[in-house]
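The block underneath contains the structure these notes are about, expressed in structure tokens.
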Amino acid sequence: MNLTEIRVRALQAPRDNLRAFVTLTLDGTFVVRDVRIIEGPQGLFVAMPSRRATGRCAACAGHNHLRARYCNDCGARLPSTPMEEAEGVSPEARLHTDIVHPISREGREQLEAAVLAAYAAELDGGAESERRSPRCDGANPGRGASAEG
Ligand SMILES: [Zn+2]
């Protein structure tokens, strides 16, 4: 995997544990957006783009967020999902599914090291990055960082 470009947009006023949004270019041909740098209990880590996992309503087959108690479509009461009790995985993590992600430990470590290095470089050039870029292609306000639950 050849990361040809890593664009980091550090948040000026970090919310919660979110520190930065990252856009990756692979082999100069494939772009992955909405990668996030999160500050966790063990330090910084890289979160891949994810979507909320959904479950199907038994009554109408409508898709619902796993935490939903009632179906959004038909109002039927939904059972608590066994996924939430999966062993060794926090309920919070189980509620999201990565859309794009490395499939090997080596791939993950390589990607994480490269992204965190780019983030550190971005912080070093702090004065530079505080100027707002006139381009708006990286900004996506209102999505991605919304509070969950
Ligand atoms: Zn339903």
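The values are calculated or read from the model by the stated rules, or taken from the named source; none is laboratory data. Being a predicted model, the structure only gives us computed values, none of them experimental. Positions of Cβ are backbone-derived with ideal geometry, glycine not excepted, and every protein chain shown enters the neighbour counts.
Are there any pairs with C-beta distances below 9 angstrom linking a residue in region 9-31 that is assigned to a loop (DSSP other than H, G, I, E, B) to a residue that is hydrophobic (A, V, I, L, M, F, W, C) and loosely packed, with under 14 Cβ neighbours inside 10 Å, with the two at least 6 apart or on different chains, and if so which?
ARG15/ALA147; ASP16/ALA147; ASP27/MET1
Scan region 64-82 for residues that are within 9 Å of the ligand (Cβ to nearest atom) and assigned to a strand (DSSP E or B) and jot them down. Give the steps one after another, and end with the answer.
If we filter region 64-82 for residues that are within 9 Å of the ligand (Cβ to nearest atom), which is where we start, we get 64, 70-76, 78.
If the condition is that a residue be within 9 Å of the ligand (Cβ to nearest atom) and assigned to a strand (DSSP E or B), then ASN64, TYR70 are the ones that fit.
Just the residues that are among the small types (Gly, Ala, Ser), out of contact with any helix residue (DSSP H, G or I) (no Cβ under 8 Å at 6 or more places or on another chain) and part of a strand (DSSP E or B), please, taken from region 32-59.
So the first thing to find is which residues in region 32-59 are among the small types (Gly, Ala, Ser), and the list is 40, 43, 47, 50, 53, 55, 58-59.
Add one more test, that the residue is out of contact with any helix residue (DSSP H, G or I) (no Cβ under 8 Å at 6 or more places or on another chain), and what stays is 40, 43, 47, 50, 58-59.
Within region 32-59, GLY40, GLY43, ALA47, SER50 meet the criteria.
All but one of (1) within 28 Å of HIS101 (Cα to Cα); (2) modelled with pLDDT of 85 or more hold for CYS71; state the number of the condition that does not hold.
Unmet for CYS71, out of (1) within 28 Å of HIS101 (Cα to Cα); (2) modelled with pLDDT of 85 or more: (1).
Taking the conditions exactly as written (loosely packed, with under 15 Cβ neighbours inside 10 Å, hydroxyl-bearing (Ser, Thr, Tyr) and either closer than 30 Å to ALA121 by Cα or modelled with pLDDT of 90 or more (or both)), does THR25 satisfy them or not? Let's see the steps before the verdict.
Details: loosely packed, with under 15 Cβ neighbours inside 10 Å: no; hydroxyl-bearing (Ser, Thr, Tyr): yes; either closer than 30 Å to ALA121 by Cα or modelled with pLDDT of 90 or more (or both): yes.
For THR25, the condition - loosely packed, with under 15 Cβ neighbours inside 10 Å, hydroxyl-bearing (Ser, Thr, Tyr) and either closer than 30 Å to ALA121 by Cα or modelled with pLDDT of 90 or more (or both) - is not met.
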